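The values are calculated or read from the model by the stated rules, or taken from the named source; none is laboratory data. Here the structure is a predicted model, which means the values were calculated and not measured. Ideal geometry is used to build each Cβ from the backbone, glycine not excepted, and the neighbour counts take in all protein chains shown. Keep in mind that these areas ignore ligands, DNA and RNA; they rest on the heavy atoms of the full protein, side chains included. Shrake-Rupley method; radii C 1.70, N 1.55, O 1.52, S 1.80 Å.
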Amino acid sequence: MVQKKQAAAGPDTEPKKRRRVGFSPADTGVEANECINIYLVSSKEEVDSPDISCVKPVDLNDFIDGDGKIYGYQGLKINVWINSISLHSYADITYQSTTNGEKGITDLKSALQNIFAETIVENKEEFLQTFSTQRDFIRNMVSDGEVMQSGATDGSSNNAEVVSSDLQVIRMQIGSPNAGLLYSRLVPLVLLFVDGSNPIDVTDPDWHLYLLIQKKEDKEDPLYRIVGFTAIYKFFRYPDRLRMRLSQILVLPSFQGKGLGTYLVEVVNNVAVAENVYDLTVEEPSEKFQHIRTCVDINRLLAFDPIKPAIDSAVQTLTKGKLSKRAQIPRFTPPLNAIEKVRESLKINKKHFLNCWEILIYLALDPIDKYMEDYTSVITNHVRSDILGKDIETPKKQVVDVPSEYEPETSFVVFKSLNGEEGNTNVQVDENKPDQEQQLKQLVDERIREIKLVAEKVSKISPKA
């Protein structure tokens, strides 16, 4: 092979400069959580104000197609302003440059519409005008609603921050035109602040909105603001009753921590009792809401005289001796007639009442430190039973086939099961039992922590507890 020979460079010959080839760095994208800030504002003066803090929504990455990242932008920053009066929104988008890399450039308009839909306004000046042009939107929408509560409820007297007379709870049937339009503007708030929630069916008349409205006097007409809401579904129970299911509940971030969630729950409880539904249930409650709900219902149960003898009986049994040393520990569940009285009078469903029952016993133990070991044994028993899904205290006989050289078809063993499990024809030693016991202990510790938190809050509100 003949190669082309390069001429030797002379001493005075300047070497040729090589051309450098540059490569753009790979576009790794930016997470939506890192570049999007959400602000709730009630006046145009608050827009762009440094005094307004952003609110923390759920995981914004879930609304971005693919891996939750935005691609093609350098220095991207998105500030979304939500008008809490009209529920319109505006996105202020800034970035340094764009690069059409391997994954292209994310369509920001489409991504934001996944959350805000038709509520988003493209022009900033038009958005600022909504504070005046849409000032009476909420008032007009709820004008045909039913006022369920004004001011404090009977149960909220201990929550000083929620007794103001400017609060109203208004109920609207979702099938009405106003309710459907109003909920369509609430959907972005549901998606942003109610974890794992999906919009309800606005064509189903069995849905009802309970709107927590703040009515502020103004130089002009009163100004109506939504500070929270809950969506309730009514469904039939054979043969002739209705049940209520709380599906969504939200207090806007700027109003949280003031007892308004408790207030809204109390109103819904009062409606359930007044309309004599079969019971009130909650669809997949969050840990935070479950705490609020339990505190409300514990106060109601402490004032419900028909179950006090049952509580006293359970406490008397628990304080007699060392339950933790017994082979079998009683379940300490409420009697069936107590469960039925609570459901019929307070509309508390059985599952929730059983959780409350553990707290009622805890509150009745005095001093609690003296009986904590036995009480923990009771909770351990409950947790283990919940995991197994069976009553673990009832001994049952079981017949299990065993291999044998002598007439294998008729060889068996009869034994009594202390944990009440039936139908298990393969008796095996669980090699992971130590791990399971550790997991059980963790679950018990978590349940005890929840009980103590509720008891502590209830004791502050109702010292008699």
Report, by chain and number, residues whose modeled amide H sits under 5 Å from the one on Tyr73, excluding near sequence neighbours (fewer than 5 apart, same chain). Thr99
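Using Cα pairs closer than 8 Å and at least 6 residues apart in sequence, work out the relative contact order for segment 103-249, in percent. Please list the in-between numbers first.
On the way: 205 pairs, mean separation 27.2, N = 147.
So the answer I get is 19 percent.
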Write down the accessible area per residue of segment 262-359 in Å², having rolled a 1.4 Å probe over the full set of protein chains. 46
Could you pull out every residue, at least 5 positions away or on a different chain, whose amide H is within less than 5 Å of the one on Thr281? Hs are placed 1.01 Å off N in the peptide plane, and Pro or chain starts have none. Met244, Arg245, Leu246
Can you put Ser459, Ser385 in order of accessible area, largest first, using a 1.4 Å probe? Ser459, Ser385
Enumerate the calculated ³J(HN,Hα) couplings along segment 310-322 in order (Karplus 6.51 cos²θ - 1.76 cosθ + 1.60, θ = phi - 60°), each rounded to whole Hz, writing x wherever the residue is Gly or Pro. 5, 5, 4, 5, 5, 5, 4, 5, 5, 8, 6, x, 7
What accessible area, in Å² to the nearest ten, does a 1.4 Å probe give for Lys460? 150
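Mind scanning Lys350/Lys457; Lys347/Lys370; Lys56/Lys288 and naming the pairs with a C-alpha gap bigger than 26 Å?
On the way: Lys350/Lys457 23 Å; Lys347/Lys370 34 Å; Lys56/Lys288 15 Å.
From Lys350/Lys457; Lys347/Lys370; Lys56/Lys288, over 26 Å: Lys347/Lys370.
Taking a 1.4 Å probe, which of Asp297, Asp107, Asp195 shows the most accessible area, and what order do the others take after it? Don't jump to the answer; show the numbers that get you there.
Details: Asp297 5, Asp107 90, Asp195 135 Å².
The ranking, largest first, comes out as Asp195, Asp107, Asp297.
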Whole Å is fine, so just give me how far the alpha carbon centre of segment 22-82 lies from that of segment 249-317. 37
Got a number for the accessible area of Ile93? Probe 1.4 Å, square angstrom, nearest 10. 60
Taking θ = phi - 60°, what integer Hz values does the Karplus form 6.51 cos²θ - 1.76 cosθ + 1.60 yield along segment 188-196, in sequence order, with x for Gly and Pro? x, 5, 4, 5, 7, 10, 10, 4, x
Can you compute 3J(HN,Hα) from phi for each residue in segment 74-80, using the Karplus curve 6.51 cos²θ - 1.76 cosθ + 1.60 with θ = phi - 60°, rounded to whole Hz and x for Gly and Pro? 10, x, 6, 9, 10, 9, 10
Counting other Cβ atoms within 10 Å, keep those with at most 12, restrict to DSSP loop, and tell me which trypsin sites (Lys or Arg not before Pro) in segment 202-264 are left. Lys219
Going by Cα centres, segment 104-134 and segment 185-200 are how many Å apart? 17
Nearest-10 value in Å² for the accessible area of His382, using the 1.4 Å probe: 10
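Can you put Glu102, Glu126 in order of accessible area, largest first, using a 1.4 Å probe?
The ordering from most to least exposed comes out as Glu102, Glu126.
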